[in-house]
Amino acid sequence: VSRGGRAFIFPHFSVGPCTKQLIAGMDKALVGMCVNQRSLVKIPPQLAYGKQGYGDIIPADSILHFDVLLLDVWNPEDGVQIKTYHTPSNCSRKVEVSDYIRYHYNGTLLDGTLFDSSHTRMRTYDTYVGIGWLIAGMDQGLLGMCVGERRIITMPPSLGYGENGDGSDIPGQASLVFDVVLLDLHNPRDGIAVTNQMVPESCTRKSVAGDFVRYHYNGSLLDGTFFDSSYSRNRTYDTYVGRGYVIAGMDEGLIGVCIGERRTVTIPPHLGYGEEGTGSKIPGSAVLVFDVHIIDFHNPSDNAVVNVTHKPEECEKKTKKGDFVKYHYNASLMDGSSIDSTYNYGKTYNVVLGANQVVPGMEVGLMDMCVGEKRHLVIPPHLGYGERGVLPGSAVLVFDIELVEMEDGLPEGYMFIWNDDVSNDLFTEMDKDQNKEVEPSEFTDYIMKQVNEGKGRLAPGFDPYRIIDNMFSNQDRDGDGKITEAEFKLKADEDVSHDEL
């Protein structure tokens with residue numbers, strides 16, 4: 001205002017002090033002021049418009065009064081100013097030219113006026129750095145940042161939006177202040193990174209393409225934000241590797257692992273879920289970090305692995321198909337987790353070999369074994385309990401077994417054999433009441449007598465009465481519940497397709 005209180009100037013004014021763009025009094029008054037400082041400035045005529053005044057607005061010899069609020073200040077020589085106020089403890093990589101980054105920011109003018117924020121949009125700002133996709137000041141200010149770092153980037157208008165500003169929120173000649181936190185960075189040339197490997201001392205085999213792998217994982221974004229875990233579902237993630245069943249980065253990261261190995265696999269977005277991301281927890285262009293624990297793996301072409309850990313000095317005979325065997329076992333998964341043990345029950349596990357009483361891999365492991373022999377078996381799931389067994393689906397099984405006892409089986413196709421010569425009058429001997437018919441009770445009593453007297457043998461490992469019932473049914477050809485002499489025949493006299501006495 002001039003003398004007399006008349007207003008003569010509007011509030012906003014951009015000018016360079018000490019550049020002869022201002023009256024001398026204002027030049028002096030502005031020097032040393034701070035942004036957001038408000039000052040009442042009184043300027044005498046000799047430092048204002050003097051005896052000439054200024055047109056019809058400011059009379060001659062007027063004392064001028066200014067209410068000044070400094071909103072912004074910069075110098076043509078200014079560059080980008082960076083103030084880091086949080087640095088993460090671990091910084092394995094910094095932003096370089098041509099990197100693609102995801103970051104949050106609050107953008108303000110130098111006086112603190114907010115003009116934009118990625119937080120209000122609830123999504124990061126994603127861009128390449130150093131190749132002209134951003135204003136020059138931001139291109140410079142983001143270089144060298146670590147994931148998790150927070151910094152304030154201040155830039156003059158020459159490195160921002162210049163004389164014209166941007167829209168209604170950023171005026172011309174405005175300095176800009178960005179409060180930035182970096183969440184993610186990668187380069188389009190990046191491959192996967194494998195770190196923090198913990199490899200077991202014993203690793204007899206590493207995974208290859210085509211293997212079926214069971215593993216646990218914790219998945220997070222590069223800034224540590226958790227998005228998924230197999231542990232929370234209390235079951236492993238099971239998949240073929242190298243066949244495109246999982247994202248490309250995980251396909252690659254699971255090749256060459258050992259059972260029991262732990263590793264961290266970092267996957268750039270072009271080998272993960274790309275620009276679109278997936279679901280609500282993995283945003284577009286996100287780098288993924290998986291902490292992986294390999295539980296087991298196998299190949300569909302694998303056979304059971306049999307290693308002899310102890311063999312007795314004397315071995316008169318070895319197990320074969322049809323033999324009745326008694327053995328002890330300790331069962332576990334490949335990671336050492338115990339499943340079961342016969343020692344816990346104080347009794348052996350008893351089976352007939354070749355009778356489908358155990359999984360195929362155990363059949364293989366029990367063949368050609370001596371009493372007292374011990375073996376270590378590794379059984380792939382297709383020879384064990386398969387994808388949906390009583391144990392974890394697709395689990396590789398480990399058995400430590402010891403053969404305790406064995407009994408010779410009968411020739412294939414026989415459930416009963418004679419140890420002595422067969423009586424020529426067998427039917428008559430069975431027909432106790434001599435009524436020309438053998439009843440079930442007569443048949444059962446006779447066979448059991450032969451077994452008890454050592455004259456005959458039933459197939460070991462089966463219910464003897466069920467065997468005898470089956471034998472009777474085979475002889476009772478017309479199914480009337482009794483055997484006549486015409487029906488009665490020995491196995492040796494039968495066609496090989498029958499299973500007669």
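The values are calculated or read from the model by the stated rules, or taken from the named source; none is laboratory data. These figures come from a predicted structure and were not determined experimentally. Every residue, glycine among them, receives a Cβ derived from its backbone with ideal geometry; neighbour counts consider all protein chains shown.
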Just name the residue that is farthest from residue 308 (Cα to Cα) out of those in the stretch 386-428 that are without any contact (Cβ under 8 Å) to a residue 24 or more places away in the chain and either among the polar types (S, T, N, Q) or in contact with a strand residue (DSSP E or B) (Cβ under 6 Å, 6 or more places away or on another chain) (or both). 428
Cβ-Cβ under 8 Å, sequence separation 6+ or interchain: first residue in the stretch 54-65 and under 17 Å from residue 25 (Cα atoms), partner among the polar types (S, T, N, Q) and in a loop (DSSP other than H, G, I, E, B). Which pairs? 58/2; 59/2; 60/52; 62/2; 63/2; 64/2; 65/2
Residue count, the stretch 274-297 (criterion: under 15 Å from residue 260 (Cβ atoms) and either polar (S, T, N, Q) or out of contact with any His (no Cβ under 8 Å at 6 or more places or on another chain) (or both)): 4
When residues of the stretch 136-161 are filtered for being among the small types (Gly, Ala, Ser), surrounded by fewer than 23 Cβ atoms within 10 Å (Cβ to Cβ) and not in a loop (DSSP other than H, G, I, E, B), how many remain? 2
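Let's see how each residue does on (1) buried (at least 18 other Cβ atoms within 10 Å of the Cβ); (2) over 30 Å from residue 127 (Cα atoms); (3) touching a residue at least 24 places away in the same chain (Cβ under 8 Å); (4) not charged (D, E, K, R):
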residue: 250; (1), (2), (3), (4): yes, no, yes, yes
residue: 284; (1), (2), (3), (4): no, no, yes, yes
residue: 296; (1), (2), (3), (4): yes, yes, yes, no
residue: 299; (1), (2), (3), (4): no, yes, yes, yes
residue: 312; (1), (2), (3), (4): no, yes, yes, yes
residue: 328; (1), (2), (3), (4): no, yes, yes, yes
residue: 339; (1), (2), (3), (4): no, yes, yes, yes
residue: 353; (1), (2), (3), (4): yes, yes, yes, yes
Taking the stated definitions as given, is residue 285 in contact with a helix residue (DSSP H, G or I) (Cβ under 6 Å, 6 or more places away or on another chain) and hydroxyl-bearing (Ser, Thr, Tyr)? yes
Residues of the stretch 110-129 satisfying the condition of being touching a residue at least 60 places away in the same chain (Cβ under 8 Å) and either surrounded by fewer than 17 Cβ atoms within 10 Å (Cβ to Cβ) or among the small types (Gly, Ala, Ser) (or both): 111, 112, 123
Go through the residues of the stretch 386-397 one by one and say whether even a single one is among the β-branched types (Val, Ile, Thr), outside the structural domain of residue 469 (by TED's automatic domain parsing), out of contact with any Cys (no Cβ under 6 Å at 6 or more places or on another chain) and exposed (fewer than 15 other Cβ atoms within 10 Å of the Cβ). yes
Please determine whether any residue of the stretch 206-219 is in the same structural domain as residue 250 (by TED's automatic domain parsing), closer than 30 Å to residue 91 by Cα, of a type in the set (Phe, Trp, Tyr) and not in a loop (DSSP other than H, G, I, E, B). yes
Do the conditions hold for residue 132, that is, is it in contact with a helix residue (DSSP H, G or I) (Cβ under 9 Å, 6 or more places away or on another chain), in a loop (DSSP other than H, G, I, E, B) and without any contact (Cβ under 8 Å) to a residue 24 or more places away in the chain? yes
Give, as residue ranges, the strands (runs of 3 or more DSSP E) completely inside the stretch 340-459 that count at least 1 residues that are closer than 30 Å to residue 259 by Cα. 349-352, 374-379, 397-407
Given the conditions (1) without any contact (Cβ under 8 Å) to a residue 60 or more places away in the chain; (2) among the polar types (S, T, N, Q); (3) surrounded by 12 or more Cβ atoms within 10 Å (Cβ to Cβ), every one holds for residue 164 apart from (3)
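Restricting to the stretch 162-195, name every residue that is within 24 Å of residue 252 (Cα to Cα), part of a loop (DSSP other than H, G, I, E, B) and of a type in the set (S, T, N, Q).
Our first condition is that a residue be within 24 Å of residue 252 (Cα to Cα); within the stretch 162-195, this holds for 184-195.
With part of a loop (DSSP other than H, G, I, E, B) added as a condition, the list becomes 187-192.
Within the stretch 162-195, just 187 meets the criteria.
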May I ask you to say which residue of 208, 199, 177 is in contact (Cβ under 8 Å) with a residue 24 or more places away in the chain and within 27 Å of residue 98 (Cβ to Cβ)? 177
Of the residues in the stretch 99-144, those that are of a type in the set (Asp, Glu), within 29 Å of residue 35 (Cβ to Cβ) and either at pLDDT below 95 or touching a strand residue (DSSP E or B) at 6+ places or on another chain (Cβ under 9 Å) (or both) number 2
For the stretch 367-380, what are the residues that are within 19 Å of residue 339 (Cα to Cα) and crowded, with 19+ Cβ neighbours inside 10 Å? 375, 377, 378, 379, 380
Based on this model, can you work out whether residue 178 counts as buried (at least 18 other Cβ atoms within 10 Å of the Cβ), of a type in the set (Phe, Trp, Tyr) and more than 23 Å from the chain's Cα centre (by Cα)? yes
Could you tell me which of the residues 472, 416, 462 is among the hydrophobic types (A, V, I, L, M, F, W, C) and in contact with a Phe, Trp or Tyr (Cβ under 6 Å, 6 or more places away or on another chain)? 472
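Per-residue answers, yes or no, for (1) aromatic (Phe, Trp, Tyr); (2) within 30 Å of residue 369 (Cα to Cα); (3) outside the structural domain of residue 217 (by TED's automatic domain parsing):
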site	(1), (2), (3)
259	no, yes, no
265	no, no, no
274	no, no, no
284	no, no, no
290	yes, no, no
293	no, no, no
316	no, yes, yes
323	no, yes, yes
